[in-house]
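Comments concern the structure below.
What follows draws every value from the coordinates through simple rules; no lab data is involved. Given the structure is predicted, the values throughout are model-derived calculations rather than measurements. All Cβ positions, glycine included, derive from the backbone under ideal geometry; neighbour counts span all protein chains shown.
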Amino acid sequence: MSLKLAYVGVEASRLDEWKRFGDLVGLQPVELPNALCLRMDEKARRFILTEGAADDHAFSGFEVDTAEEFDRAVEHLKQANIPFETGTSAGAELRAADRYVTFRDPEGLQHEIVFGCQDADTPFAPKEPMQGYVTGDEGLGHIAVNAKDYAACEAFFAKATGAGLSDHIFSNFGDSKVQVTFMHLNPRHHSIAYAQFPFETSRKIDHIMIEPVDLMDVLKAQARVAEAEIPITITLGEHPNDHAVSFYCTTPSGFRLEVAANCIKVQPGAWEPTSYDYFSMWGHRVAG
């Protein structure tokens, strides 16, 4: 089963601020009658922001390429005894997709298998000129979500989607550890990560990562964000596992956006997972 992260839905309370934020980081805001979308390539939907108080993850869609693959993915959920629901016509319109089904992981997050994600009628045209994003067969980027039991989420997501383990990071945090699992579905190092912290977190989602083609566009985005006095929560640095050179900033919904470049690729089925005890090879200093 070949999957890629097609879109992320967010229930957001400040859509006007998200529109400005999208322009600053190099995305293209598109207003719909009932939502705000942020484009990053030829696809009509990547970030789907609907009005609401949660300011958190609403759904994430993982796309298959063909109707036959979609049917096989649904049958796989049945055979794995994973409860799912068929998406509605209104939901398909919001997602600009033909068909989708929804299921929930052990943390209660809604994930979706989707087919027929539509292209937009016009070319991608961000306010700030840039070289584009790494998407295509690798999808939107990745999502990192908070988990009370990362191992249970890892086992479930592998069972539901066939995702492979990329790595773990087990890093000291006071007298305890931060425990993170990174999982791949395609050549992107990870399309989803589950992070278990030794404390309660305020949101389901920790961050969304987008990957400009050119590192210079990461640096320009960081400069625009700083100039606009949007908090940069983690400074520029390089991760040891996917080698992303990135920075993190606060979105209008309070979780983080990671803007990264130079990420390595994996070969599904032939990748050897490993573990790290640190999050950065250099940089990535936490603000404050």
A student applying the Cα gyration tensor rule (rounded when a/c is under 1.5; otherwise prolate if a/b is larger than b/c, oblate if not) would label region 61-162 oblate
Separation of alpha-carbon centers, region 180-195 and region 208-274, rounded to whole Å: 14 Å
Cα gyration tensor category, rounded, prolate or oblate, for region 136-283 with a/c compared to 1.5: oblate
A student applying the Cα gyration tensor rule (rounded when a/c is under 1.5; otherwise prolate if a/b is larger than b/c, oblate if not) would label region 171-220 prolate
Check Lys4: other-chain or 5+ apart residues with amide H under 5 Å from its amide H, H built from backbone geometry? Glu63
Anchor Lys159: lysines whose Cα lies under 17 Å away (excluding residues fewer than 8 positions away in-chain): Lys4, Lys78
Can you list residues whose amide H is under 5 Å from Gly9's amide H, if they're 5+ apart or on another chain and H is modeled 1.01 Å from N? Ile48, Ala58, Phe59, Ser60, Gly61
Which entry in [x] 20.2; [y] 19.1; [z] 22.5 is this structure's computed Kirkwood radius over Cα pairs in Å? [y]
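So what is the relative contact order of the chain, in percent, for Cα pairs below 8 Å that sit 6 or more residues apart?
Details: 691 pairs, mean separation 52.2, N = 288.
Computed over the chain, the figure is 18 percent.
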Interchain or long-range residues, amide H under 5 Å from Asp214's placed H: Gln131
Only bridges with both residues in the chain count here: give the DSSP antiparallel percent, nearest 5. 75 percent
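Using alpha-carbon pairs under 8 Å, 6+ residues apart, how would you state the relative contact order of region 136-283 in percent?
Details: 320 pairs, mean separation 40.4, N = 148.
This gives 27 percent for region 136-283.
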Using θ = phi - 60° and Karplus 6.51 cos²θ - 1.76 cosθ + 1.60, couplings along region 124-133 (whole Hz; Gly, Pro as x): 4, 9, x, 5, 9, x, 7, 8, x, 10
Hey, with R₀ at 30 Å, roughly what FRET efficiency would Gln79 and Ala151 work out to, going by the Cβ-Cβ distance, to 0.05? 0.85
Which whole-angstrom value gives the distance between the alpha carbon centres of region 16-59 and region 60-136? 16 Å
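Greater than 23 Å separation of Cα atoms is the criterion. Which listed pairs, Lys127/Lys220; Lys19/Lys220; Lys43/Lys127; Lys43/Lys148, meet it?
In this structure, Lys43/Lys148 lie more than 23 Å apart at Cα.
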Go through region 56-66 residue by residue and turn each phi into a ³J(HN,Hα) via Karplus (6.51, -1.76, 1.60, θ = phi - 60°); whole Hz please, and just put x for glycine and proline. 7, 4, 10, 6, 9, x, 10, 8, 9, 8, 9
I need the phi-derived Karplus couplings for region 246-263: 6.51 cos²θ - 1.76 cosθ + 1.60, θ = phi - 60°, integer Hz, Gly and Pro marked x. 8, 9, 10, 9, 8, 7, x, 9, x, 7, 10, 10, 9, 10, 9, 9, 6, 6
Once you place label points 7 Å from the Cα toward the Cβ at Trp271 and Gln110, how far apart are they in nm? 2.8 nm
